[in-house]
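Scroll down for the structure; my scribbles are underneath it.
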């Protein structure tokens, strides 16, 4: 015979529809989103990994100062590689009368770094262009639009993914990519030639004849190749200006490294949310067990086993979790997969997406939530059911039943009453507190990040040393009244916590007019305040850095902190810079590149007037500085690109977290206040009989919860502020740069108001529940 | 002997606040008997019933059913014992609020490999017309009849009734007692009934009066009358 208690389950689910549907929908949304995220990241990662072979992605590329002669090409090809010309032009784009950053334009690519056509068609005539999807979408450009580059109009006919530009880094040395201000596209060979050679970069991609066996071998091969090519260039009157092996190319690798990086965070989020829901179930089940104690006692006395009763009470939460998992997964593969996919496609120019069934994700979003539910809910229930049948019949199943009432201070009757309600419901309020703590954390995360990014941008602009910073590829003198020389190089930071980050090391002239507040020691370095905060270092500490492609190691003693904002940097005197980095007088070349300097080391003496950049408040290009001598120019746009890109790529996530947190908060308040009211249904009924108005009863029972909500909210904000410092460190682990955590008081106020308002909405519902409680409830339950 | 109770002792509390509720109860109850336990509050009758029912344990002495001693049983065996041999009826009906009458009785039937016919039992209990109603749609007497149905559907050897009419008025009480008597006659279960009501002893085969934890009278009722004729 089927257990007749089973018939209670659908009735229980229908009878408590509000409670179950709220939990169910929340779980569906949580599981759906996480499942979608896991599925999407797997699909994206598989396609990303496959794209290397499918689109024949380069093993590296290099840029020469001049076009490679046939002889040089032949020489280079003899180093075990096959070369492919990948020349490009970086051109200013105008569309619909507005500037739209820079487009890196290539000729059609048929052999290496092939493009994936996502929409539209490939170019058929000389006035057509296909361009990267992300750049077009970020600039509100679409198929059919016309863009202008160097005076020529091009009609966008196709949207593509360039596999060597899945992340739109214009320059491999950039801290952060900017897919709003930089894109890549392809025009016909003729149209490309028409751009002339003014902006032309002589770039060559290579594939190895014999593919290196592993990463170490690849690094060694590319190191050897860099040396060989630079030597070949010297012999052939050319110069190697950029050399980027694939493993070091952020444009190729960054997306692959980033996809799925949030996976542990998402899984932790899932498990925490399921655990909170399980706690809510545990509280509601506990409430049901107490309410039905005499029935349980009778059943146990009649011969029902503890296990049978346990299973009976566990069915509803398990059923809800199971169905939520299944529906969540269905939504994960349909609705949420697209949302998650678009989150990544909002940051990266990825190839066609293919969905794959993800067994691991399925297990993690179905089996694991079920296990969490069994553990969290089951342990408490099993212990509760350990009371004897007689205890149940006598309703003597509350542990630590207070012999005496807690003594309360002499306060008004209403306040004392509310305090009694709080004391009676401590377990519920403890759950509520943790729920508020967690939803407050999500809320803070959702609300803080965008203002944090804006503050970062504002500070980056306000504290910038100069309007323009130039890094030179070749020396050129500029009037000191107009520009100030400085030195810069980059090293990789060595830190046990953060991923190796490229750090700019500046050599600043004494009495610099651009760094007036920067007091530099004769030896040692000064680091920015953000640097000190990020790496938790101070004056007297030693910081360690290494060369990115070389073997050099550097250790600097911090002699001071530079109080600037939104900047990570290491500063030293220009003379000390020359000493540390052994900048030598190069009699043979004005070249500023690493190979030129290495050569000078052998041939010259130390150059104490070395510089490789200019700081200026006016644009030096053209009039004061030849474009060909500029390796990079840093403007306001570049300083704010980190914040801008994070805002573009993660803004939706922040908003989702914000909404999610409010829903979680409202749900917990609703469920727990509902339980508190249900526990007191007889008392509420009795107070009605005594002549209390509904408003007075609401003040007694709902205001008690208001106190708890207010105190929990304030405590949560304080605890979460401390927690947030830790979370931000973890969040920033994979990113270069640093955000100073400044939470304005107004934000706390806003969060507090949001929480209280949400509570008030729930309280209105509960007020109507109180109104509905009949007076005969008190008379029915006399035992 | 069917139900053997031997020198049963039970106390509650510790030290100076300890109260000895049962001070050595010994008696035997035959199969098919209606045995009424009478006594004032605190005399130990409910405690005795709970020990017979295996939901409370004696400090010393034993209860044996067909020679099987309960004191030697594990918690699991005790549950099995209750499942196999016992039916419980309480003063408060303890029905499951969201199951209807028939389903509440099925809750008892589920525990038996050979339950009684539910339709016939509903007719016997006079609940057939009400079988689809929820407990809150029933009167007190109907609810108690339903709880009797739940207890006897599995055709238990012993029906333990703890003040089954304690919450009912005169007419409804008689109605419930008639059902218990009818069930006893029809199915031959042993009935052990705890009550305050002295008049109920008249329908019993056996009357045991308890006072201060001891048996004061253990008499066989030779002038047993039917529940129909009870009056108080």
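Values in this text are rule-based calculations from the coordinates and carry no lab data. This is a predicted model, so every value here is computed, not measured. Counting neighbours? That spans all protein chains shown, and the Cβs are built from the backbone with ideal geometry, glycine included.
Computed quantities for the displayed model
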{"quantity": "For peptides A:568-580, A:762-774, sequence by mean Cβ density within 10 Å, most packed first", "calculated": "A:568-580, A:762-774"}
{"quantity": "Cβ-Cβ FRET estimate between residue A:730 and residue A:352, R0 fixed at 45 Å, reported to 0.05", "calculated": "0.85"}
{"quantity": "Inter-part distance where segment A:199-225 and segment B:14-86 are each reduced to a Cα centre, Å", "calculated": "89 Å"}
{"quantity": "DSSP-defined beta bridges in the protein assembly as shown - what % are antiparallel, rounded to 5", "calculated": "70 percent"}
{"quantity": "Burial ranking of peptide ranges A:342-353, A:89-100 (average Cβ count within 10 Å, highest at the top)", "calculated": "A:342-353, A:89-100"}
{"quantity": "Normalised contact order of chain B, rounded percent, pairs of Cα under 8 Å and 6 or more residues apart", "calculated": "27 percent"}
{"quantity": "Max mean-square fluctuation residue, GNM over chain B, Cα-Cα springs under 10 Å, options B:73, B:214, B:193", "calculated": "B:73"}
{"quantity": "Label zone at residue A:740 (point 7 Å along Cα-to-Cβ), backbone N below 20 Å, segment A:448-469", "calculated": "A:448-467"}
{"quantity": "Inter-probe distance in nm under a simple model that places probes 7 Å from Cα toward Cβ, at residue A:172 and residue A:517", "calculated": "3.7 nm"}
{"quantity": "Relative contact order computed over chain A (Cα-Cα under 8 Å; 6+ residues apart), in percent", "calculated": "16 percent"}
{"quantity": "Average other protein chain Cβ within 10 Å of Cβ, residues A:300-311", "calculated": "6"}
{"quantity": "Compactness of segment B:1-104 - radius of gyration and Dmax, Cα, Å", "calculated": "15.4, 49"}
{"quantity": "Within 10 Å of each Cβ in A:285-296, the average number of Cβ atoms from other chains", "calculated": "2"}
{"quantity": "Span from the segment A:617-634 Cα centroid across to the segment A:100-140 one, whole angstrom", "calculated": "28 Å"}
{"quantity": "Per-pair calculated FRET efficiency, R0 = 22 Å: residue A:228 and residue A:69 via Cβ, rounded to 0.05", "calculated": "0.85"}
{"quantity": "Mean-position separation - Cα centroids, segment B:146-165 and segment B:197-223, in angstrom", "calculated": "20 Å"}
{"quantity": "Most mobile of B:106, B:20, B:129 in a GNM of chain B (Cα contacts under 10 Å)", "calculated": "B:129"}
{"quantity": "Cα-based equivalent ellipsoid of segment A:109-267: semi-axis lengths in Å, sorted from largest, via gyration tensor", "calculated": "29, 24, 14"}
{"quantity": "Extension gain from residue A:719 to residue A:272, taking 0.36 nm per residue of separation minus the Cα-Cα distance", "calculated": "159.2 nm"}
{"quantity": "Mean Cα-pair separation over length for segment A:55-258, i.e. relative contact order, pairs under 8 Å, 6 or more apart, %", "calculated": "35 percent"}
{"quantity": "Gaussian network model of chain B, Cα within-10 Å springs - most flexible of B:186, B:76, B:102", "calculated": "B:76"}
{"quantity": "FRET E, pair residue B:117, residue A:420, Förster distance 41 Å, beta-carbon r, rounded to 0.05", "calculated": "0.20"}
{"quantity": "Degrees separating the helix A:426-462 axis from the principal Cα axis of chain A, which is the longest one", "calculated": "20 degrees"}
{"quantity": "Along principal axes, Cα extents of chain A, largest first, whole Å", "calculated": "104, 58, 50"}
{"quantity": "Cα gyration tensor category, rounded, prolate or oblate, for segment A:313-374 with a/c compared to 1.5", "calculated": "prolate"}
{"quantity": "Computed helical MRE - 222 nm, chain A, DSSP H runs ≥ 4 contributing -39500 (n - 2.57), nearest 500", "calculated": "-17000 deg cm²/dmol"}
{"quantity": "Residue-averaged beta-carbon neighbours from other chains (10 angstrom radius) around B:87-95", "calculated": "5"}
{"quantity": "Most to least packed among A:485-493, A:411-419 [average Cβ atoms within 10 Å]", "calculated": "A:485-493, A:411-419"}
{"quantity": "Additional length obtainable on full extension of the chain from residue B:60 to residue B:225, 0.36 nm per residue less Cα span", "calculated": "55.8 nm"}
